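Taking it in order: structure first as structure tokens, then the write-up.
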């Protein structure tokens, strides 16, 4: 059985090898959030385009206030967006606002909090040094320099940068479509009243959310009952999308039919079990040259296996390199003793206490416990080779 690291790497290798030539499209920048750039984005000019003040204060020649107590004459004021059209001479200073251009002749900005003002006379309580409180022209980027590379996903910072350089329209990769098919006789639509032994299709909604958050286009197919013919027809429809995700029907029960139907359709299965809990019976294969993921039907298992195996696939199909798994660290608030031989991903609460990140596994009722999943804000990672942990140890955490 593969470890989760080996299974994740297998997904990356297979998807990279089978990825079709990506399609480009040009869209308005406000619509590009979360999309992946298809061409690099260069700087249209130097950034900053002028020597910029980082403080409210006074622009001056540093040699005029080389010692505390120097007094200079204030001759003008510069606010952001305006300028001073002559050089600052010796013995004078210019009041300046944050973000305004530093005038010629000045090589320092003294903070207003460190001065005393009496009419047009300004006394500097601290010595000035060349370059203080100034961001030099071109120190962030030079004109023509590549700022955003092809293959970068546009988050809020990248969107701000694209806007700053005037990229009103950007060229991005087309987003992959993802068909989502739930399975099981016990599953009913979220709008239906379930019978005493039925459940609403929360997994389908969860997967729609996860797919959209990963930057792809979800296509909800609803639920297929546990009948080979019905499941086969549904899978064939799902294979019209770029990726097919099935939820449920991948374990060892009599009515877990997903692998049987995929085999009948000629699928190549790369793995059908991973040494993790929850999520052990996860399936990854290729059918009619489309990636297929069979995820366990319980919600905690679904979320864990989606994060581990589907997210890197969607990254690659979106035109970017698979993002590394976001594992951070925190101090355990209690001891842990789990079964060895498999990596555990436990619903947990990650908090900040007394200046330190701390984490606690939450009591839960197994991988079907949606209530605890909703209350958790992280997954606590317990490695297969280290099942026992003590209070205060630094543990791996995946924020949710």
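Just give me the residues in segment 344-366 being within 23 Å of residue 275 (Cα to Cα) and over 23 Å from the mean Cα position of the chain (by Cα), in sequence order.
360, 361, 362, 363, 364, 365, 366
In segment 267-275, is there at least one residue being within 20 Å of the chain's Cα centre (by Cα), on the phi < 0 side of the Ramachandran plot and buried (at least 19 other Cβ atoms within 10 Å of the Cβ)?
no
Would it be correct to say that residue 86 is outside the structural domain of residue 165 (by TED's automatic domain parsing), over 38 Å from the mean Cα position of the chain (by Cα), exposed (fewer than 13 other Cβ atoms within 10 Å of the Cβ) and not in a loop (DSSP other than H, G, I, E, B)?
So residue 86 does not fit the description; no.
Among the listed residues 132, 95, which satisfies the condition of being more than 24 Å from residue 46 (Cβ to Cβ) and either part of a loop (DSSP other than H, G, I, E, B) or within 46 Å of the chain's Cα centre (by Cα) (or both)?
Being more than 24 Å from residue 46 (Cβ to Cβ) and either part of a loop (DSSP other than H, G, I, E, B) or within 46 Å of the chain's Cα centre (by Cα) (or both) holds for just one of 132, 95, which is 95.
Hey, can you tell me all the residues within segment 110-122 that are exposed (fewer than 15 other Cβ atoms within 10 Å of the Cβ) and over 44 Å from the mean Cα position of the chain (by Cα)?
Result: 116, 117, 118, 119, 120, 121.
Any chance you could count how many residues in segment 229-262 are loosely packed, with under 14 Cβ neighbours inside 10 Å and at pLDDT 90 or above?
Matching residues across segment 229-262 total 3.
Give segment 146-163 a look and list any residue that's out of contact with any helix residue (DSSP H, G or I) (no Cβ under 9 Å at 6 or more places or on another chain) and surrounded by 13 or more Cβ atoms within 10 Å (Cβ to Cβ), or say none.
Of everything in segment 146-163, those that are out of contact with any helix residue (DSSP H, G or I) (no Cβ under 9 Å at 6 or more places or on another chain) and surrounded by 13 or more Cβ atoms within 10 Å (Cβ to Cβ) turn out to be 150, 151, 158, 161.
Report yes if residue 38 is touching a strand residue (DSSP E or B) at 6+ places or on another chain (Cβ under 9 Å), more than 30 Å from residue 149 (Cβ to Cβ) and not assigned by TED's automatic domain parsing to the domain that holds residue 214, otherwise no.
It is false that residue 38 is touching a strand residue (DSSP E or B) at 6+ places or on another chain (Cβ under 9 Å), more than 30 Å from residue 149 (Cβ to Cβ) and not assigned by TED's automatic domain parsing to the domain that holds residue 214.
From the residues in segment 23-54 that are in a loop (DSSP other than H, G, I, E, B) and more than 30 Å from residue 132 (Cα to Cα), which one is modelled with the lowest pLDDT?
By that ranking, first place goes to 23.
Suppose the filter is touching a strand residue (DSSP E or B) at 6+ places or on another chain (Cβ under 7 Å), part of a loop (DSSP other than H, G, I, E, B) and in the same structural domain as residue 69 (by TED's automatic domain parsing); does residue 105 pass it?
no
Need a quick list: strands (runs of 3 or more DSSP E) entirely within segment 305-396 having at least 2 residues that are under 18 Å from residue 210 (Cβ atoms).
Answer list for segment 305-396: 343-353, 378-382.
Give me the residue from segment 198-219 that is assigned to a strand (DSSP E or B) and modelled with pLDDT of 95 or more and, out of that set, nearest to residue 322 (Cα to Cα).
Ranking the qualifying residues of segment 198-219, first place goes to 217.
Residue 121: under 15 Å from residue 57 (Cβ atoms) and modelled with pLDDT of 95 or more, yes or no?
Considered against the rule, which asks whether it is under 15 Å from residue 57 (Cβ atoms) and modelled with pLDDT of 95 or more, residue 121 comes out as no.
Among 27, 15, which is buried (at least 17 other Cβ atoms within 10 Å of the Cβ), touching a strand residue (DSSP E or B) at 6+ places or on another chain (Cβ under 7 Å) and within 18 Å of residue 151 (Cβ to Cβ)?
Being buried (at least 17 other Cβ atoms within 10 Å of the Cβ), touching a strand residue (DSSP E or B) at 6+ places or on another chain (Cβ under 7 Å) and within 18 Å of residue 151 (Cβ to Cβ) holds for just one of 27, 15, which is 15.
Here are 195, 184: which of them is out of contact with any helix residue (DSSP H, G or I) (no Cβ under 8 Å at 6 or more places or on another chain), in the same structural domain as residue 299 (by TED's automatic domain parsing), on the phi > 0 side of the Ramachandran plot and modelled with pLDDT under 90?
184 is the lone residue from the list that is out of contact with any helix residue (DSSP H, G or I) (no Cβ under 8 Å at 6 or more places or on another chain), in the same structural domain as residue 299 (by TED's automatic domain parsing), on the phi > 0 side of the Ramachandran plot and modelled with pLDDT under 90.
Please find, among 57, 81, the residue that is at pLDDT 95 or above and over 30 Å from residue 280 (Cβ atoms).
Answer to the check: 57.
Out of all the residues in segment 206-223, which are in contact (Cβ under 8 Å) with a residue 12 or more places away in the chain, surrounded by fewer than 23 Cβ atoms within 10 Å (Cβ to Cβ), more than 17 Å from residue 304 (Cβ to Cβ) and under 20 Å from the mean Cα position of the chain (by Cα)?
Result: 208, 215, 217, 218.
The values are calculated or read from the model by the stated rules, or taken from the named source; none is laboratory data. Quick caveat, the model's predicted, so the values are computed rather than measured. Glycine also receives a Cβ, built like all others from the backbone with ideal geometry; neighbour counts cover every protein chain displayed.
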